[in-house]
1. Which order do Tyr356, Tyr94, Tyr217 take by accessible area at a 1.4 Å probe, largest first?
2. For the chain, what relative contact order do you get, as a whole percent, if you take Cα pairs closer than 8 Å and at least 6 residues apart?
3. Which loop GluC sites (Glu not before Pro) in the range 56-159, with loop taken from DSSP, have no more than 15 other Cβ atoms within 10 angstrom of their Cβ?
4. Please work out the average accessible area per residue across the chain, using the 1.4 Å probe convention, and give it in Å².
5. Determine the relative contact order of the range 1-113: mean sequence separation of Cα pairs under 8 Å and six or more apart, normalised by residue count, in whole percent.
6. Tell me, what is the FRET efficiency for Leu303 and Lys352 to the nearest 0.05, using R0 = 22 angstrom and their Cβ-Cβ distance as r?
7. Need one number: % antiparallel among DSSP beta bridges in the chain, to the nearest 5.
8. I want the local charge near Ser288. Using Cβ-Cβ distances under 10 Å, sum +1 for each Lys or Arg and -1 for each Asp or Glu among the other residues.
Amino acid sequence: MAKKRNIIVGQSGGPTAVINSSLAGVYKTAIERGFDKVYGMLHGIQGLLDEQYIDLSTQIHSELDIELLKRTPSAFLGSCRFKLPEIHEDKAIYEKIFAILNKLDIDAFIYIGGNDSMDTIKKLSDYAIITGHEQKFLGVPKTIDNDLALTDHTPGFGSAAKYIGASTKEIIRDAQGLSYKKNQITIIEIMGRNAGWLTGAAALAKGEDCAGPDLIYLPEVPFEIDKFLEKVRELLKKKESIVIAVSEGIRLADGRYVCELGSSVDYVDVFGHKQLTGTANYLANFLSGEIGCKTRAVELSTLQRSASHMASRTDIDEACMVGGAAVKAADEGDSGKMVVIDRVSNDPYMAKTGIYDVHRIANEEKLVPRSWMNRDATYVTKEFIDYINPLIQGDYSPMMVDGLPRHLVLNTKRKK
Ligand code: F6P
């Protein structure tokens, strides 16, 4: 009997609106290329270590399921934030993973994730080379933060940016309505950790029908609280309502996060990332104390990364494309690499996939260039907007059932 050719796919790191579209791309392409089984790790590598996986054919039965999967936010298979030890630190964990892969006749291992997750692909592909295993390990980019190196942008970013642009516009509209002869300051806190790509997306609100946010603070540049107060006072001389977008990751020159100045949360994950929350709240309280007007803090939090009802069509399509490209690359013999998106042209927008050694990507952070911010780093430039604009275009209508978007959910009773 011919040897089975199976593939396994996992999702890792923070959720996005389109990570499941990458899963759909992996699944479809694996079937088209004749893989016998497509397994899904439940909760990524962490679940795999507990032998938690499913046969995806027990979950996806039709084209309609694939379409629903593409419109379902967060990680269909469950995600994890799990750091593999260095190979020399704990060989047993690698032996266990490869024993499971061998038992399942796995030829290709596909991991959809961000820079921390690419560390998993790097270590597993290195281990396979050292020990002579033949499995191929491929990474599929994913993160709303858009901070992965060597790819023009990451799937998940365009949809989150679209949601942030639209929400900023709605927040501005809401604030304007009630600001007759009365000052009001609204601060919007946006995710992205040390990278300001998402926060800059608040500028998308600016257009013919909206003035856009008044100030935008990215985490790449140290935050000066006195200058901030001065700017706000100046603006309030000219207009009643002001709206400010801040990154969750803005820091003072001494390295402290602004959110740490308030009653911050002390949680730190396995990659050493502190949970960032409360920046807008701290600044709203600070301004209220200094200026004595009404302030409001809006933390977009998880809403911005799982807003599939606002997902960008470009983003969904590209997420699916990179998933498929990873399967093709693994099938053709690549390993230890991550698929990237190369922008071929901006107008009309065209993109294609490329592929890079994951050692050049894992654990790296791509930040917003200083030249894409204005002189005092309180706004983003036209170059920034031109870069993002194509990524938020188009949509896929959600499949509405009983007034709400329908999602595809895992049926754990049907696993293998
Ligand atoms: O990495 C994606 C991200 O959404 C960051 O922007 C954010 O700082 C982090 O995840 C939040 O993660 P969690 O929801 O686990 O606190």
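The values are calculated or read from the model by the stated rules, or taken from the named source; none is laboratory data. The structure displayed is predicted, hence computed values, not measured ones. As a convention, Cβ positions derive from the backbone with ideal geometry for all residues, glycine included, and neighbour counts pool all protein chains shown. Calculation scope for accessible area: heavy atoms of the full protein, side chains included, ligands and nucleic acids excluded. Shrake-Rupley method; radii C 1.70, N 1.55, O 1.52, S 1.80 Å.
1. Tyr356, Tyr217, Tyr94
2. Relative contact order for the chain comes out at 23 percent.
3. When the GluC sites (Glu not before Pro) of the range 56-159 are filtered for loop state and at most 15 Cβ neighbours within 10 Å, Glu86, Glu89, Glu134 remain.
4. Per-residue value: 43 Å².
5. Across the range 1-113, relative contact order equals 44 percent.
6. Computed FRET efficiency for Leu303 and Lys352 comes out at 0.10.
7. Antiparallel bridges: around 35 percent, rounded to the nearest 5.
8. +1
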